[in-house]
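Below: one structure, written as structure tokens.
The values are calculated or read from the model by the stated rules, or taken from the named source; none is laboratory data. Being a predicted model, the structure only gives us computed values, none of them experimental. Neighbour counts run over all protein chains shown; Cβ positions are idealised from the backbone, glycine included. Ligands, DNA and RNA are excluded from the accessible area calculation, which covers all protein heavy atoms including side chains. Shrake-Rupley method; radii C 1.70, N 1.55, O 1.52, S 1.80 Å.
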Amino acid sequence: MSARAEPTGFLYPFIESEERDSTGLLAALATSAEEKINESRALRAASIAKDAVVLARAGAAMATRFRRGGRLFAFGNGGSATDAEGTVHLFRHPPNGHALPALSLVDDRAVLTALANDVGYELVFSRQIIAHARSGDMAVGFSTSGDSVNMLRAFEEAARRGLLTVGLCGYERAAMARSDAVHHCLVVPSESVHRIQEAQDALMLELWSIVQQQLEEEGVP
């Protein structure tokens, strides 16, 4: 069977089961991996440069809210859920700087499945914001498409309740990028889900660094 028929065949379409030239195959794999690494590195740098002003404004606003006792709530679907959990870990257990209060809205399976079953998956994040958040807190959401209904509902609820909202998405035409409920939106200019998520990780690390720098400059103990 050709590797093209495999579920992961799209990653390396040039791999065929009848391939006999191992040296050529390994060279092709190495070249493909290097190209992906270079593409990812370039997109991460371009995304940070493109959104430098948004990052600075969002970071300053978040630092102010943290200083006043605000908490960060992070959420996302699928692979973006792991980005939300990683963000919470970064803020709560930083490699250096200030440990800051943060909560993941994707880590409680009982809550997620109860809400999905009882009120609908489109409300799994907004209902948690209603239950836990207060004015002065922050909502940070990750999405590659930027069109997920439950993400948009969560941002709308958060904005209504006085939370600062920060969204990370791909595709500049996405609903998240055009929503008034998202106060600061970081848009990755790519059509690749893989590259978008890699760039979003870099953007969040940059945002975290700005928050830490702001708190340091303000002399927060």
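Here GLU16 meets the list (1) at pLDDT below 95; (2) out of contact with any Lys or Arg (no Cβ under 9 Å at 6 or more places or on another chain); (3) open to solvent by less than 50 Å² (accessible area, probe 1.4 Å) almost entirely, failing just condition (2).
Scanning segment 130-164 for residues that are part of a strand (DSSP E or B) and buried (at least 23 other Cβ atoms within 10 Å of the Cβ) returns MET138, ALA139, VAL140, GLY141, PHE142. Of all the criteria given as (1) at pLDDT 70 or above; (2) open to solvent by less than 60 Å² (accessible area, probe 1.4 Å); (3) farther than 19 Å from GLY141 by Cβ; (4) not polar (S, T, N, Q), the one not satisfied by GLY9 is (1). Would you check if there is a residue in segment 184-192 being surrounded by fewer than 16 Cβ atoms within 10 Å (Cβ to Cβ), modelled with pLDDT under 95 and either among the charged types (D, E, K, R) or farther than 24 Å from ALA52 by Cβ (or both)? Checking segment 184-192: at least one residue is surrounded by fewer than 16 Cβ atoms within 10 Å (Cβ to Cβ), modelled with pLDDT under 95 and either among the charged types (D, E, K, R) or farther than 24 Å from ALA52 by Cβ (or both). Restricting segment 166-176 to residues that are modelled with pLDDT under 90 and closer than 17 Å to VAL149 by Cβ, the residue that is least open to solvent (accessible area, probe 1.4 Å) is TYR171.
For segment 200-217, indicate whether the set of residues that are in a loop (DSSP other than H, G, I, E, B), surrounded by fewer than 19 Cβ atoms within 10 Å (Cβ to Cβ) and of a type outside the set (Gly, Ala, Ser) is non-empty. Even if it seems obvious, please write down each step before you answer.
Step one: filter segment 200-217 for residues in a loop (DSSP other than H, G, I, E, B), giving none.
Checking segment 200-217: not a single residue is in a loop (DSSP other than H, G, I, E, B), surrounded by fewer than 19 Cβ atoms within 10 Å (Cβ to Cβ) and of a type outside the set (Gly, Ala, Ser).
Taking segment 45-66 as the range and being closer than 18 Å to LEU164 by Cα, β-branched (Val, Ile, Thr) and surrounded by 14 or more Cβ atoms within 10 Å (Cβ to Cβ) as the test, the residues that pass are VAL54, THR64.
Within this structure, SER179 passes the test of being over 14 Å from the mean Cα position of the chain (by Cα), surrounded by fewer than 20 Cβ atoms within 10 Å (Cβ to Cβ) and among the hydroxyl-bearing types (Ser, Thr, Tyr). Residue count for segment 65-110 satisfying the condition of being on the phi > 0 side of the Ramachandran plot and free of Cβ contacts under 8 Å to residues at least 40 places away in the same chain: 1.
Within segment 93-129, take every residue that is among the polar types (S, T, N, Q) and farther than 20 Å from LEU163 by Cα and give me the one that is most open to solvent (accessible area, probe 1.4 Å).
Here is the first cut: in segment 93-129, the residues among the polar types (S, T, N, Q) are 96, 104, 113, 117, 126, 128.
Pick out the ones that are also farther than 20 Å from LEU163 by Cα and you get 96, 113, 117.
Values: ASN96: 95, THR113: 89, ASN117: 127 Å².
Top of the filtered list is ASN117.
Test ALA42 against the criterion of being surrounded by fewer than 19 Cβ atoms within 10 Å (Cβ to Cβ), outside any loop (DSSP other than H, G, I, E, B) and at pLDDT below 75, and give yes or no. Reasoning before the result, please.
On the way: surrounded by fewer than 19 Cβ atoms within 10 Å (Cβ to Cβ): yes; outside any loop (DSSP other than H, G, I, E, B): yes; at pLDDT below 75: no.
Judged against the criteria, ALA42 is not a match.
VAL53 passes every criterion in (1) out of contact with any strand residue (DSSP E or B) (no Cβ under 9 Å at 6 or more places or on another chain); (2) over 23 Å from ARG178 (Cβ atoms) apart from (2).
Does ALA74 satisfy being under 20 Å from SER148 (Cβ atoms), at pLDDT 95 or above, out of contact with any Leu (no Cβ under 6 Å at 6 or more places or on another chain) and not in a helix (DSSP H, G or I)? Explain how you work it out, then say what you get.
On the way: under 20 Å from SER148 (Cβ atoms): yes; at pLDDT 95 or above: yes; out of contact with any Leu (no Cβ under 6 Å at 6 or more places or on another chain): yes; not in a helix (DSSP H, G or I): yes.
Spelling it out, ALA74 is indeed under 20 Å from SER148 (Cβ atoms), at pLDDT 95 or above, out of contact with any Leu (no Cβ under 6 Å at 6 or more places or on another chain) and not in a helix (DSSP H, G or I).
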